[in-house]
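*Asks:* Here you go, one structure.
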Amino acid sequence: MIEKKQLIDQTISLLRDCLPADSSFIGLHEPLFEGREWEYVRDCLDTGWVSTAGQYVGRFEAALQEYTGARRAIAVVNGTAALHVCLLLAGVEAGEEVLIPSLTFVATANAVRYCGAVPHFVEIENVTLGVDAAKLADYLETIAELKSDGLFNRLTGRRIRALVPMHVFGHPADLDALAQIADRYQLVLIEDAAESLGSFYKGKHMGTLGKLSALSFNGNKIITTGGGGAILTDDDALADRAKHLTTTAKLPHRWAFYHDETGYNYRMPNLNAALGCAQLEKLPSYVERKRLLAQLYEERFKDNPYLSFMTEPSYARSNYWLNAVILSPETAAYRDDLLEATNDAGIMTRPIWTPMHLMPPYQDCPAMDLSLTEAYYGRVINIPSSVKLGDRHGE
C-alpha cells in the first residue's frame, strides 16, 4: 500500500510532466479564442443585432447540423433549457418518472423537476461511467410493468416516460443497448449530450441516436458561446415545436404579440451565436488537440496501480472533454488530500459531481442499487483538460 505523501508527490510529478512548466496556475478547462470570434462579435455590435434576432443564430444552427449530421438544431440559452424542452417534447408530464443516472451534473435532474416529473436514478457501468444497460434491463424486469398505455413503476404506480443517458466527460454511453431497452419498454430516448460535442459512437455523432438530445456551450465546454445550448433532432415536427416553444410560443406577425400556449424565453441571442460560429469553425482542431493531451496522460499514467486514466470505450471516438483519473479502491481515502495538494500546487483538479440521490432535493426519489455510483464518487478526479494543453504533445 502506497503512503499518502508518496501518492501525492507521484501524482503531482506525473501531472507536471504533461503540463506547461512555465505556468503558476493551470485551470481545469479554459476557453480558447483563436479564430474569428472578434470579427463576428464586432459585426453584431456594429450592426446592433445582439439579441435573439440576427443572422448568426440561424448560421450557428446550420453549422451544428452540418457537423453533427442531425437534421435539425435549435439554439437555446443553455444546456439546461435544452434538456427541459427535450423532456417537454418527449411528452413528459407532471407526476411521471424519468430514468436518469445519479452520477451526472445537476441539470439533468433539475430539468426533470421543471416538468413536474420525478427523477428515477439508475446505475452506471465501469467503462464509461454511463448508464449500465444490462443492470437497467434486469431492474425494469423486476419493478416495472408494461401496459397498453406505457411503462409503469409497480412500486409507485407512476408512468415511466423517458430514459436520459448522459455521456460522462464526453465518453459515449452504450447507446445500442440502451436504445433496445427504450424500444422494448416504450420509453423515449433522450441523450444528455451536453459534454460530448465532437464525440462519435460507431461513426455517428453524439446527440443523433436518441429521438432528441441536448448540447451545452457553457464557458468550460469544448467550444463555448459564453452560455448556450442546443436541441438536436431528426424529427421536423419536433424541431418546429421546439423553436416555437423556445421563442415564447409567439405566432409570427409583423407587429402583433399573440402567444398560443405557454412558451419559454429560451432562444440563443445573436451575440452568443456569433461567438459559437467562430468556435465551431475550430472544433475539429480542438478535438484533435484534446485527444493528443489524452494520449499524453494515458502514456504517463500507464501501468500505475494507484491511478488509472479514463479512456474512451472501444466502440467510440471521444472528445475527451474532461480528462479523469480514477483512484484504486485502496487509495480512495486519499482523494480529498490529493485534491487539496494539487490545487495548492497550482494544478486545478476537482472531484466528480456529488450523486443526485445524495442531494437534499432528490434524496426521496426512486432509485435502483447505486453502489457503483457511490464508489466512483469517492474515486474520480478531473485533471486539466484545456484545448491549448494539447499543443505541447503535438510538437
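The values are calculated or read from the model by the stated rules, or taken from the named source; none is laboratory data. In this text, all values refer to a predicted model and were calculated from it rather than measured experimentally. Cβ placement follows ideal geometry from the backbone for every residue including glycine, while neighbour counts extend to all protein chains displayed.
*Asks:* Are any of the residues in region 11-27 surrounded by fewer than 19 Cβ atoms within 10 Å (Cβ to Cβ), over 30 Å from Glu299 (Cα atoms) and of a type in the set (D, E, K, R)?
*Replies:* No.
*Asks:* Next question, about the same structure. If you scan region 143-162, which residues turn out to be in contact (Cβ under 8 Å) with a residue 12 or more places away in the chain and part of a strand (DSSP E or B)?
*Replies:* Ala144, Leu146, Gly150, Leu151, Asn153, Arg159, Ile160, Arg161, Ala162
*Asks:* Can you work out which of the residues in region 264-281 that are in a loop (DSSP other than H, G, I, E, B) and in contact with a strand residue (DSSP E or B) (Cβ under 7 Å, 6 or more places away or on another chain) is nearest to Ser196 (Cα to Cα)?
*Replies:* Among residues in region 264-281 that are in a loop (DSSP other than H, G, I, E, B) and in contact with a strand residue (DSSP E or B) (Cβ under 7 Å, 6 or more places away or on another chain), the one nearest to Ser196 (Cα to Cα) is Met268.
*Asks:* So which of Ala82, Ala94 ends up being surrounded by fewer than 18 Cβ atoms within 10 Å (Cβ to Cβ) and in contact with a Gly (Cβ under 6 Å, 6 or more places away or on another chain)?
*Replies:* Matching residue, one of Ala82, Ala94: Ala94.
*Asks:* Taking region 185-226 as the search range and keeping residues that are surrounded by fewer than 24 Cβ atoms within 10 Å (Cβ to Cβ) and without any contact (Cβ under 8 Å) to a residue 40 or more places away in the chain, which one is nearest to Asp149 (Cα to Cα)?
*Replies:* Filtering first and then ranking leaves Leu189.
*Asks:* Still on this structure, I have one more. Looking only at residues in region 115-142 that are touching a residue at least 40 places away in the same chain (Cβ under 8 Å) and either among the acidic types (Asp, Glu) or assigned by TED's automatic domain parsing to the domain that holds Gln363 (or both), which one is surrounded by the most Cβ atoms within 10 Å (Cβ to Cβ)?
*Replies:* Residue satisfying both the conditions and the ranking: Asp132.
*Asks:* Another question about this same structure. Cβ contacts < 7 Å: first residue more than 16 Å from Thr208 (Cα to Cα) and at pLDDT 95 or above, restricted to region 230-254; second residue surrounded by fewer than 18 Cβ atoms within 10 Å (Cβ to Cβ) and of a type in the set (S, T, N, Q), any location; separation 6+ or different chain. Result?
*Replies:* Thr248/Asn265; Ala249/Thr262
*Asks:* Another question, then. Just wondering, is there one or more residues in region 163-181 that are assigned to a strand (DSSP E or B) and aliphatic (A, V, I, L, M)?
*Replies:* Taking every residue of region 163-181 in turn, at least one turns out to be assigned to a strand (DSSP E or B) and aliphatic (A, V, I, L, M).
*Asks:* Hey, could you check region 311-326 for residues that are touching a helix residue (DSSP H, G or I) at 6+ places or on another chain (Cβ under 9 Å) and among the polar types (S, T, N, Q) and say which is surrounded by the most Cβ atoms within 10 Å (Cβ to Cβ)?
*Replies:* Asn319
*Asks:* Are any of the residues in region 360-369 surrounded by 19 or more Cβ atoms within 10 Å (Cβ to Cβ), over 17 Å from Phe169 (Cα atoms) and either charged (D, E, K, R) or in contact with an Asp or Glu (Cβ under 6 Å, 6 or more places away or on another chain) (or both)?
*Replies:* There is at least one residue in region 360-369 that is surrounded by 19 or more Cβ atoms within 10 Å (Cβ to Cβ), over 17 Å from Phe169 (Cα atoms) and either charged (D, E, K, R) or in contact with an Asp or Glu (Cβ under 6 Å, 6 or more places away or on another chain) (or both).
*Asks:* Collect the residues in region 42-77 that are among the small types (Gly, Ala, Ser) and either at pLDDT 95 or above or surrounded by fewer than 16 Cβ atoms within 10 Å (Cβ to Cβ) (or both), keeping them in residue-number order.
*Replies:* Passing the criteria: Gly48, Ser51, Ala53, Gly58, Ala62, Ala63, Gly69, Ala70, Ala73, Ala75.
*Asks:* Does Val112 meet the test of being crowded, with 23+ Cβ neighbours inside 10 Å, β-branched (Val, Ile, Thr), out of contact with any Leu (no Cβ under 6 Å at 6 or more places or on another chain) and in contact (Cβ under 8 Å) with a residue 60 or more places away in the chain?
*Replies:* Against the criterion (crowded, with 23+ Cβ neighbours inside 10 Å, β-branched (Val, Ile, Thr), out of contact with any Leu (no Cβ under 6 Å at 6 or more places or on another chain) and in contact (Cβ under 8 Å) with a residue 60 or more places away in the chain), Val112 does not qualify.
*Asks:* Go through (1) part of a loop (DSSP other than H, G, I, E, B); (2) among the basic types (Lys, Arg); (3) crowded, with 22+ Cβ neighbours inside 10 Å for Arg254 and report which single condition fails.
*Replies:* Only one criterion is unmet by Arg254, namely (3).
*Asks:* Assuming Thr247 fulfils every condition listed in (1) within 14 Å of Leu87 (Cα to Cα); (2) of a type in the set (S, T, N, Q); (3) surrounded by fewer than 24 Cβ atoms within 10 Å (Cβ to Cβ) apart from one, which condition is it?
*Replies:* The single condition Thr247 does not satisfy is (1).
*Asks:* If I ask for residues that are of a type in the set (A, V, I, L, M) and either surrounded by 13 or more Cβ atoms within 10 Å (Cβ to Cβ) or under 23 Å from Asn220 (Cα atoms) (or both), which ones from region 327-359 would you list?
*Replies:* Leu327, Ala332, Leu338, Leu339, Ala341, Ala345, Ile347, Met348, Ile352, Met356, Leu358, Met359
*Asks:* Shifting gears a bit: Considering only region 18-98, give the helices (runs of 4 or more DSSP H) lying wholly within it that have at least 3 residues that are under 17 Å from the mean Cα position of the chain (by Cα), assigned by TED's automatic domain parsing to the domain that holds Lys243 and under 26 Å from Tyr264 (Cα atoms).
*Replies:* Qualifying helices (runs of 4 or more DSSP H): 79-89.
*Asks:* For region 31-42, check the following and say yes or no: at least one residue is without any contact (Cβ under 8 Å) to a residue 60 or more places away in the chain and either of a type in the set (Ser, Thr, Tyr) or within 24 Å of Gly210 (Cα to Cα) (or both).
*Replies:* Checking region 31-42: not a single residue is without any contact (Cβ under 8 Å) to a residue 60 or more places away in the chain and either of a type in the set (Ser, Thr, Tyr) or within 24 Å of Gly210 (Cα to Cα) (or both).
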